[in-house]
Amino acid sequence: MTTAADGPDQPASGNEPRHPGNAADTPGAREFPPALLYPPLPPVPTTRAGLAAMIDHTLLRPDATSDDVLKVCAEAAKLGVAAVCVAPTHVFLAAASARNETNGRISAGSTDRPASKPAYAVASVVGFPHGNHLTAVKVEETRRAVADGATEIDMVIDIANAVDENWVAIETEIHEVRLAMPSDAVLKVILETTILQDATIRSACRAALAGGAEFVKTSTGFHPGGGASLRAVRAMHSAVGGRLGIKASGGIKTAAQALAFIQAGATRLGLSGTADVLAEMPKDAPSS
């Protein structure tokens, strides 16, 4: 698994000043007040439960077994996360587990809560991890994942199209995948920002918005160039903050890092070591 970028972007604590972006990146930055230049930043959670509600508890190792999936699902219910993110082959099991979670335990075969809301959303990946699948393959992957119980899809774009700035192709592919999903499902578009310049990241975000996505996401976590960076999240926020959700994923290992990404504009986080990160957060809000 790759780690977050080293250097100035690497968060050292959770108390850095909130930085919405680089004013030099925004045309007219000297002509308008800052409040008009940047969308509002998301609130920063102060408790374990508040941070958990922003996390996709992730298991995408290629050697993950069914037992591993069941363990992650049980952890997800206990921790109170937003979603579990698994490979397409594990969606059916994760969705069944989400329906049967009671107090953090799997109630196999339970029928006492058939109409209740699942303990967490189930997300799956499409075109993962390289993104250079045919669009028709991504569309079919999406349909099958939804049929198996996924309500969120994390789709990798064809990264070469972003490098070539072929925004029409990216927008068209996102649109076709979105059409394969129910209207109330959530599409997250993975940009692999580690290899993109800020201006390209912003253009990719705008293509995702035009294509009908609900989120843009930094990384797969499997690219040799690295995972999430504060630089990328700030660029994403400056482009679509407040209009699309922003998911930071790849190399987030501490609560300080998680909070720094939220301070930069992230509204969702992808973590595999969720329990360790949440253990660093206070259970209750600090008293005033």
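The values are calculated or read from the model by the stated rules, or taken from the named source; none is laboratory data. Values in this document were obtained by computation on a predicted structure and should not be read as measured data. Here the Cβ is made from the backbone with ideal geometry for all residues, glycine too, and neighbour counts use every protein chain on show. Heavy atoms of the whole protein, side chains included, go into the accessibility calculation; ligands, DNA and RNA do not. Shrake-Rupley method; radii C 1.70, N 1.55, O 1.52, S 1.80 Å.
Heavy atoms of the protein chains alone define the surface here; on that basis the stretch 109-226 has 43 Å² accessible area per residue at 1.4 Å probe size.
Along the charge dipole of the stretch 143-288, Cβ charges K/R +1 and D/E -1, which of Q257, G245, V168 sits furthest on the positive end? The residue sitting most towards the positive pole is Q257. Taking the Cα atoms of the stretch 221-266, the ratio Rg/Rh between the radius of gyration and the Kirkwood radius comes to 0.97. Both radii were evaluated on the Cα set of the stretch 153-288; the Rg over Rh quotient, with Rh as the Kirkwood radius, amounts to 1.00. Taking label positions 7 Å along the Cα-Cβ direction at both V137 and A160, the computed distance is 1.2 nm, reported to one decimal. In the stretch 205-288, the portion of solvent-accessible area held by carbon and sulfur atoms comes to 51 percent [1.4 Å probe, whole percent, DNA, RNA and ligands not counted].
Shape analysis of the stretch 142-220 based on the Cα gyration tensor places the equivalent ellipsoid semi-axes at 22, 12, 10 Å, largest first. Taken over the stretch 86-241, the alpha-carbon convex hull comes to 120 cubic angstrom per residue. Centre-to-centre separation between the Cα atoms of the stretch 46-60 and those of the stretch 226-288: 9 Å.
Legend: distances between Cα atoms for K117/K253; K71/K138; K78/K253; K253/K283; K78/K283; pairs beyond 25 Å are K117/K253; K71/K138. Modelled spin labels at K117 and R144, positioned 7 Å past Cα toward Cβ, are 3.1 nm from each other. Which of the GluC sites (Glu not before Pro) found in the stretch 172-244 are loop residues per DSSP with 12 or fewer other Cβ atoms within 10 Å of their Cβ? Those that pass, being in a loop and sparsely packed, number zero.
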